[in-house]
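Engineer: Take this structure first; my questions come after.
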Amino acid sequence: MNDFVLPELKQIIGAMLFVRKEPLTVEEIRRVLTATAERRGGITSDFAKANEALIREAVDELSRDLVERKAGFHVTEVAGGWRLENDANCGPWLRTLLQKGRGTRLSLPALETLAIIAYRQPCVRSEIEAVRGVAVDQILRNLMEMQ
């Protein structure tokens, strides 16, 4: 027995936004919808036909639904795409959950990296690595998580 229920486009986009930290653009959404249709076929093919207007409409509807339901998070348009963000008024509980906001000591390499960024901003990873002489991938990831 197949209990698969065809989701609405806004549900699919909402799930995509939920699993991504980075903003999701219209082009990326269309690419995922098309690739899924090519791989899985069948009813997933209906979503591959979604154009930019339909995707934007689905995102707007999802955004309205989340605000209406006071879900604790909302859709934000950022960097040419969308992402889910928590509502600011839920911050105290989220900080406690994630134990953020407490004093964190930075390692010497992290402090050096921040000093380079502050002095040379804007700068890219390769510039920081050229100054420090070592890879800074993990340091930058850790600093971004502290944000």
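The values are calculated or read from the model by the stated rules, or taken from the named source; none is laboratory data. Not measured: the values here are computed from a predicted model. Every residue, glycine as well, gets a Cβ built from its backbone with ideal geometry; the counts of neighbours run over all protein chains shown.
Engineer: Residues of segment 88-123 being over 18 Å from N142 (Cβ atoms) and either touching a helix residue (DSSP H, G or I) at 6+ places or on another chain (Cβ under 6 Å) or assigned to a loop (DSSP other than H, G, I, E, B) (or both), which ones?
Structural biologist: Within segment 88-123, Q121, P122 qualify.
Engineer: Name every residue in segment 15-41 that is under 17 Å from the mean Cα position of the chain (by Cα) and either exposed (fewer than 11 other Cβ atoms within 10 Å of the Cβ) or not assigned by TED's automatic domain parsing to the domain that holds I55 (or both), in order of residue number.
Structural biologist: If the condition is that a residue be under 17 Å from the mean Cα position of the chain (by Cα) and either exposed (fewer than 11 other Cβ atoms within 10 Å of the Cβ) or not assigned by TED's automatic domain parsing to the domain that holds I55 (or both), then F18, V19, K21, E22 are the ones that fit.
Engineer: If you don't mind, another one. Of everything in segment 44-77, what is touching a helix residue (DSSP H, G or I) at 6+ places or on another chain (Cβ under 6 Å) and part of a strand (DSSP E or B)? Give them in sequence order.
Structural biologist: Result: H74, V75.
Engineer: If G133 passes every condition in (1) surrounded by 12 or more Cβ atoms within 10 Å (Cβ to Cβ); (2) free of Cβ contacts under 8 Å to residues at least 24 places away in the same chain but one, which one does it miss?
Structural biologist: So G133 meets the others, but not (1).
Engineer: When the residues of segment 67-82 are filtered to those that are touching a strand residue (DSSP E or B) at 6+ places or on another chain (Cβ under 6 Å) and touching a residue at least 40 places away in the same chain (Cβ under 8 Å), which remaining residue is farthest from L33 (Cα to Cα)?
Structural biologist: Checked segment 67-82; the qualifying residue farthest from L33 (Cα to Cα) is V75.
Engineer: Of the residues V67, V136, V124, which is of a type in the set (V, I, T) and either under 24 Å from F18 (Cβ atoms) or touching a Leu at 6+ places or on another chain (Cβ under 6 Å) (or both)?
Structural biologist: Checking each option against the conditions leaves just V67.
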